[in-house]
Amino acid sequence: MRASGRGLDLVRRALVLVAVAFLLLPLLGLLGRAPWGEVLAAVRRPEVVEALLLSLRCSLAATALAALLGLPLAFWLAGPGSLTRQLVRILVTLPMVLPPVVSGVALLLAFGRNGLVGGFLVESFGFGLPFTSWGVIVAECYVALPFFVLTAEGGLRARDRRPEEAAATLGARPVTIVARITLPALLPTLSAALLVSWARALGEFGATITFAGNLAGSTRTMPLAVYAALETGPETAIALSLVLVAVSAGILVLMRKHWFPIR
Amino acid sequence: MSLTLDMKLRRGALDLAIELEVAPGETLAVVGPNGAGKTSLLQVVAGLLRIDQGRVTLDGRLLDGGAAGTFVEPADRELGYLFQDHRLFPQMSVLDNVAFGPRVRGRSRREARERAMAWLGSLGLEACRDLRPAALSGGQAQKVALARALAGEPRLLLLDEPLSAVDASARLELRRGLREHLAAFAGIRLLVAHDIEDAVALADRIAVLEGGRVVQVGRVDEVLARPASLYASDLVGLNFYVGRCAGAVARVGDLDLVTVSDLTGDVAVTIHPRTISLFLERPQGSPRNCWRAPVIGLDASLGRMRVRFGGVLPIVAEVTPAAVRELGLAVGRELWLTIKATEIGVAAR
């Protein structure tokens, strides 16, 4: 028994090491191959700055949109179980499971110039989503929404409802209870939901390129710029990737207290 | 102004069927074993639990008319609810907690804070105003919860075992504070008490709840003197039996007891342990309730000795330690017991 216990312990340690190495090696590869002289120059190139700013703007807008649409949806989904809720939950989860390219095609068929809603938008307002920054935001929001909704719903389900009952007996209406009791108590969960949906939006590639295209300045976000650079010169792609790694890691470090509270 | 309930409710294991009236300006204590439905009763009055059938009314205003009937939301019932586990809002300061009620009931921010400060002052908690609830002791937290419940100017105050989560040292003080504030509160008070001492200290009347039914309701002294259920009798340490009465003679166990009752049929019989006299020899004269029984146990409690007897009628007698020595009380010893007919409580069941 003793010996097998120690054996298991060794296996466990080995697996932890393998997992950490698995996550670390690609980063090391990127750092090892980086053309350090070129990185600084690459960052200052106008098209890179443009792609980076576009990525940040669109991913933040998509996250905000996902929160705006996702929070009421999460509240509704956290209600008592019913068939409608189960079906809607499947619908919400779908973009998480679908290959992003398929999401892009589906978005095109719905919101494209000849799509279900898109045609109406163009005819009535002369406004088309595809191949615009709005299209990028829509594509990113579509794939990020499930992450926000499912994380928020989990927190809402697990929450302590007793303070809400207490607030009701004190005369608080449902809207007041949500604003002053439920949401403040849910802040850690909501931060996590924002983080995962923002991460998903920032890294979005497939749906974006399919639905919004790859136009420098309006729809070429960082992942698309990396992909485009890989065709012409891998050195530039590595430099751009490093920028993306630095920005993402920097935000995680800055927000660590907020997003990963140590209990 | 009164609260009346005549309701039925079934939810899983919960089965409530309650008729109850609480008069203006009175404190009614609801006592009963765990799972009797005491907290559910308060939740029904608060609107946190909807009834299936019947009516809950406050001052003639229908609060809950049963399934598909009228239902007034908790927020519109003008009540204050003191929970067992204070339920203060963890992310708010003590002051904001107490100001919450007046604020959501339409007072301005300043007014709400002034009211909250006044309540904190009357409970001696001004110094805690900026603290978070987590920094308070159990007794302080429950006082803040009381201030919060009262600050919204409720017409009905519901208290769910308000002293049970507080440690013994803070308990007496908190009970005193509660008594003062309950006396000063003009509305209806409904108190769930786990401890008979809380009920005796705080209530005007007691309702005994067992299995979701009110088995007895009456003035505190009445219920203590004549408990109508095993639970109530245990609470106050009385001997309690269910028997049959035919005129003055009540048959309990294998014994006929002469009483002063004139009831016929099933009765609840109570005998206070201190009214039983013990003798080594059969007493002189002819006491009518007199029998011989062996001692099967001795327990010291609060300076008295509780003597448990077996035989025809298991019973507990209470005597002084001096009597224990005089009588040479020991387990196995046989003694004569007598009880005066006038000391035997008999109530119809």
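The values are calculated or read from the model by the stated rules, or taken from the named source; none is laboratory data. Since this is a predicted model, take the numbers as computed values, not measurements. Cβ atoms come from the backbone with ideal geometry, glycine included; neighbour counts cover every protein chain shown. Quick note on the areas: whole protein, heavy atoms, side chains included, nothing else; ligands and nucleic acids left out. Shrake-Rupley method; radii C 1.70, N 1.55, O 1.52, S 1.80 Å.
Annotations for the structure displayed:
- Near pairs, Cβ below 6 angstrom, 6+ apart or cross-chain, from region B:57-79 (assigned by TED's automatic domain parsing to the domain that holds B:Ala149 and open to solvent by 50 Å² or more (accessible area, probe 1.4 Å)) to any residue that is part of a helix (DSSP H, G or I) and at pLDDT 90 or above: none
- Among the residues of region A:39-72, those identified as farther than 16 Å from A:Glu204 by Cα and in contact with a Phe, Trp or Tyr (Cβ under 7 Å, 6 or more places away or on another chain) are A:Ala67, A:Gly70.
- Checking A:Val102, A:Val97 one by one, the residue that is surrounded by 12 or more Cβ atoms within 10 Å (Cβ to Cβ) and under 30 Å from A:Phe131 (Cβ atoms) is A:Val102 and no other.
Conditions tested, residue by residue: (1) within 29 Å of B:Met7 (Cβ to Cβ); (2) modelled with pLDDT of 90 or more.
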residue: B:Asp59; (1), (2): yes, no
residue: B:Phe83; (1), (2): yes, yes
residue: B:Ser93; (1), (2): no, yes
residue: B:Val104; (1), (2): yes, yes
residue: B:Ala116; (1), (2): no, yes
residue: B:Gly124; (1), (2): no, no
residue: B:Arg129; (1), (2): no, yes
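- Per-region count, region B:262-288, residues open to solvent by less than 20 Å² (accessible area, probe 1.4 Å) and over 23 Å from B:Gly328 (Cα atoms): 6
- Region B:151-170 - residue that is within 14 Å of another protein chain (Cβ to nearest Cβ) and either surrounded by fewer than 22 Cβ atoms within 10 Å (Cβ to Cβ) or within 15 Å of B:Glu26 (Cβ to Cβ) (or both) and, of those, modelled with the lowest pLDDT: B:Ala165
- Among the residues of region A:27-51, those that are touching a residue at least 24 places away in the same chain (Cβ under 8 Å) and closer than 14 Å to A:Ala237 by Cβ comprise A:Leu30, A:Arg33, A:Ala34, A:Pro35, A:Glu38, A:Val39, A:Ala42, A:Val43, A:Glu47, A:Val48, A:Ala51.
- Residue tally, condition more than 14 Å from chain A (Cβ to nearest Cβ) and either surrounded by 18 or more Cβ atoms within 10 Å (Cβ to Cβ) or small (Gly, Ala, Ser) (or both), over region B:84-116: 4
- The set of residues from region B:62-84 being within 27 Å of the chain's Cα centre (by Cα) and in a strand (DSSP E or B) comprises B:Leu62, B:Leu63, B:Asp64, B:Leu79, B:Gly80, B:Tyr81, B:Leu82.
- Candidate set from region B:264-323 (those that are assigned to a loop (DSSP other than H, G, I, E, B) and within 27 Å of the chain's Cα centre (by Cα)); member that is modelled with the highest pLDDT: B:Ile276
- Sub-6 Å Cβ pairs linking a first residue in region A:175-197 that is without any contact (Cβ under 8 Å) to a residue 24 or more places away in the chain to a second residue that is among the small types (Gly, Ala, Ser) and surrounded by fewer than 16 Cβ atoms within 10 Å (Cβ to Cβ), at least 6 apart or interchain, number zero.
- Entirely in region B:163-250, the strands (runs of 3 or more DSSP E) that have 3 or more residues that are within 16 Å of the chain's Cα centre (by Cα): B:188-192, B:205-210, B:213-219
- Residue satisfying all of: in region B:41-53; open to solvent by 30 Å² or more (accessible area, probe 1.4 Å) and over 19 Å from A:Glu164 (Cβ atoms); nearest to the other protein chains (Cβ to nearest Cβ) among these: B:Asp52
- Between B:Glu210, B:Glu180, B:Glu173, B:Glu222, the distinction of being touching a Phe, Trp or Tyr at 6+ places or on another chain (Cβ under 9 Å) and open to solvent by 10 Å² or more (accessible area, probe 1.4 Å) belongs to B:Glu210 only.
- Any hit, region B:28-39, residues being within 13 Å of another protein chain (Cβ to nearest Cβ) and either free of Cβ contacts under 8 Å to residues at least 24 places away in the same chain or surrounded by 14 or more Cβ atoms within 10 Å (Cβ to Cβ) (or both): yes
- Applying the condition of being open to solvent by less than 30 Å² (accessible area, probe 1.4 Å) and without any contact (Cβ under 8 Å) to a residue 24 or more places away in the chain to region A:105-124 and asking which residue is farthest from A:Glu140 (Cα to Cα) yields A:Gly119.
- Test: residue in region A:143-159 that is out of contact with any Pro (no Cβ under 6 Å at 6 or more places or on another chain) and within 14 Å of chain B (Cβ to nearest Cβ): yes
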